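The values are calculated or read from the model by the stated rules, or taken from the named source; none is laboratory data. Since we're looking at a predicted model, the values are computed, not measured. Cβ sites come from the backbone with ideal geometry, for glycine too, and all protein chains shown count toward neighbours. To get the accessible areas, we keep the full protein, side chains included, count just its heavy atoms, and leave off ligands, DNA and RNA. Shrake-Rupley method; radii C 1.70, N 1.55, O 1.52, S 1.80 Å.
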Amino acid sequence: MSKKHKVLTEVFDICRKRKNFIFHNALVKSISQKHGFGNPFDATKLDDTSKFPKVMLDNDYFLLHLGKGNHQFIKGIKTGFHVFEDIRKDDVLDWEYQKSILNEFDTSESNILSVASNQKIIHHFLYGDVQATSNVYFPRRTKASFVYNIGQVTIVADGLQMEIDLTMERNGFITVFEGKNKFPIDFAVYQIYHPFLYYHNLRINNQLHVKEINCCYILRKRVDSASVIRIYDYMFTNPLDMQSITFIKSTQYNLVHV
């Protein structure tokens, strides 16, 4: 068992014994010191279920951030983590492009999104037109407070800090993006839901005139000397319920150097 898993296992056991599944970073820091885990802030970062300790998988719990250093174990992994859909054979495309000196230069999330944007892959996927113009807003961090549901569970988040990897807007239609440099089986829904809810609240409070908000997850994996990019499009049919995530479409782009 890794040190990170030892930390999470002990935190989970403490929460279970006291019958209160909300805990603070102070507890994580204390237990991290005990186990010699040098980065306590990383202990609560679980963006796919392959990173879960066994105790969470066995008891069917996932971890959610509440803001101001608070976190909560929530029952029902399937309500908080979504399995990526299989991509149909007809939705796999070869995408010709001329590689620039910075395309695929590193494996950062920002580079993944930059390649997909610079090569007009996002424009083709979202708008069906590589010549379409849109407004692009680069990664930003913001704080917000939310009250929402995950099925029958009410979540209260106060001063929650989130990072929005990328936002695009065209004619009042907003798309928020999350990017990862791998092909995981699933993902934490809150990664796209919290940015979605942030813009939704601005809309219902008449602070932004938004027609529609959707969410894209972009994955990249290196295959030989080129990249494969997968894009998944989602929406939330009930804006105040994270469990209402609904799949719209997906496409795989095999980058071909010319």
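So in the stretch 202-227, with the set limited to residues that are among the hydrophobic types (A, V, I, L, M, F, W, C) and surrounded by fewer than 17 Cβ atoms within 10 Å (Cβ to Cβ), which one is farthest from Q98 (Cα to Cα)?
I204
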Item to check | Only one of K6, K68 that is touching a residue at least 60 places away in the same chain (Cβ under 8 Å) and of a type in the set (D, E, K, R) | outcome: K68
Item to check | Options Y190, Y198: the member that is more than 16 Å from D47 (Cβ to Cβ), modelled with pLDDT of 95 or more, hydroxyl-bearing (S, T, Y) and open to solvent by 10 Å² or more (accessible area, probe 1.4 Å) | outcome: Y198
Item to check | Within the stretch 118-134, considering residues that are modelled with pLDDT of 90 or more and hydroxyl-bearing (S, T, Y), the one least open to solvent (accessible area, probe 1.4 Å) | outcome: S134
Item to check | Failed condition for G76, given (1) open to solvent by 50 Å² or more (accessible area, probe 1.4 Å); (2) in contact (Cβ under 8 Å) with a residue 40 or more places away in the chain; (3) closer than 16 Å to F12 by Cα | outcome: (1)
Checklist outcome for this item: Selection over the stretch 216-245 where residues are farther than 30 Å from W95 by Cα, polar (S, T, N, Q) and either modelled with pLDDT under 95 or touching a helix residue (DSSP H, G or I) at 6+ places or on another chain (Cβ under 6 Å) (or both) yields a count of 3
Item to check | Among the residues listed as F183, F187, the single one being of a type outside the set (D, E) and farther than 26 Å from K68 by Cβ | outcome: F183
Checklist entry - If you take the residues in the stretch 17-49 that are without any contact (Cβ under 8 Å) to a residue 12 or more places away in the chain and under 27 Å from I185 (Cβ atoms), which one is most open to solvent (accessible area, probe 1.4 Å)? => result K45
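Is at least one residue of the stretch 93-110 part of a helix (DSSP H, G or I) and within 30 Å of P40 (Cβ to Cβ)?
Residues of the stretch 93-110 that are part of a helix (DSSP H, G or I), as a first pass: 109-110.
Next cut, within 30 Å of P40 (Cβ to Cβ) only: 109-110.
Within the stretch 93-110, one or more residues are part of a helix (DSSP H, G or I) and within 30 Å of P40 (Cβ to Cβ).
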Checklist entry - Could we say that D90 is open to solvent by 40 Å² or more (accessible area, probe 1.4 Å), outside any helix (DSSP H, G or I), farther than 13 Å from I150 by Cα and not β-branched (V, I, T) here? => result no
Item to check | Those residues of the stretch 154-164 which are in contact with a Ser or Thr (Cβ under 9 Å, 6 or more places away or on another chain) and open to solvent by 10 Å² or more (accessible area, probe 1.4 Å), in sequence order | outcome: V156, D158, G159, Q161, M162, E163
Checklist outcome for this item: Filter the stretch 42-72 for residues that are touching a helix residue (DSSP H, G or I) at 6+ places or on another chain (Cβ under 7 Å), outside any helix (DSSP H, G or I) and among the aliphatic types (A, V, I, L, M); the one that is nearest to V7 (Cα to Cα) is A43
Checklist entry - Identify, please: which residue in the stretch 1-16 is open to solvent by 60 Å² or more (accessible area, probe 1.4 Å) and part of a helix (DSSP H, G or I) and is, among those, nearest to D158 (Cα to Cα)? => result R16
Checklist entry - When residues of the stretch 163-182 are filtered for being without any contact (Cβ under 8 Å) to a residue 60 or more places away in the chain and more than 24 Å from T133 (Cα to Cα), how many remain? => result 2
